[in-house]
Structures are given as structure tokens and as C-alpha cells.
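Worksheet: the structure to be examined is printed underneath.
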Amino acid sequence: MADSVGTLASVDADELTRRVLRVPGVRDVYRPVTSLTGTPATLARWIKSTPAKPSGAVELNTKDGHVSIETSIATDRDARSVIVAREVADVLRGAAEEAGHTDATVRVQISRIA
């Protein structure tokens, strides 16, 4: 079972969200939707494209000591979404490496192109 973490002690979810929002081409950051079996409220927010509060926009989890970081982004219409998502992943992976988690898993979803 995954636990919310403070294993990235030097970087919290709010700071990660701020870093993601500074990536050129990122318009908004949302909570990731992990499956279609998510709660109805989560799915409704995602479908309506309602931005998440910054504290919930990047999820940090651990399972058996392995760190995973997930988020979902909206990109600018004129940006190359795949490149923006790759840059967001690089930012998140870099933060994990700074905190000593060199094998962290990073997942970035593109939820919207606005």
C-alpha cells in the first residue's frame, strides 16, 4: 500500500508544483488521475478540468522505500506538449535526485491542451 511521503524531505508537494508551473509551456497543474476507477468526485474534477489546489497537484508516494512522483498538466496550445511533459518529468526527476532518490519513478500526464 502506498503512503503519502515526506521522503523528499528537502522538497515538498507545494514546491514541486511551483517548479512544474515554472516550466515553459505549462498552463496548469492537476492531481493525477491514476485510473478510470477513481472516485466519482476525482473524475468529475478531471473531466471539468478544474485546477487542483497547489498542495494536491503533485503526488509523492512510497512503497517499500521506492519513491514515485505523479502529476497531470495542461499545456499551452502553442507548446509542443510532449516536449513540455518531458521537461516536467526532468524537473521532477531532478528534485528526486537532489533528495537522494536516484531510482524514483516519475509519471506526467497531459490532461489538457489549452
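General observations
- Around the Cα centre of segment 55-114, unit charges on the Cβ atoms of Lys, Arg, Asp and Glu (plus for the first two, minus for the last two) sum to a dipole of about 280 debye.
- Gain in span if fully extended, A114 to N61, counting 0.36 nm per residue against the direct Cα distance: 16.2 nm
- Set of segment 94-114 residues, backbone N closer than 18 Å to the point 7 Å along the Cα-Cβ line of R80: 110, 113-114
- Coupling constants for segment 62-70 follow from the phi torsions by the Karplus curve (6.51 cos²θ - 1.76 cosθ + 1.60, θ = phi - 60°), and in residue order they are 10, 8, 6, x, 8, 8, 10, 10, 9 Hz; glycine and proline get x.
- Here the extension length gained between E15 and D103 equals 29.7 nm, from 0.36 nm per residue of separation less the Cα-Cα distance.
Throughout, read-outs are computed from the coordinates displayed, never taken from laboratory work. These numbers come from a predicted model, not from an experiment. All Cβ positions, glycine included, derive from the backbone under ideal geometry; neighbour counts span all protein chains shown.
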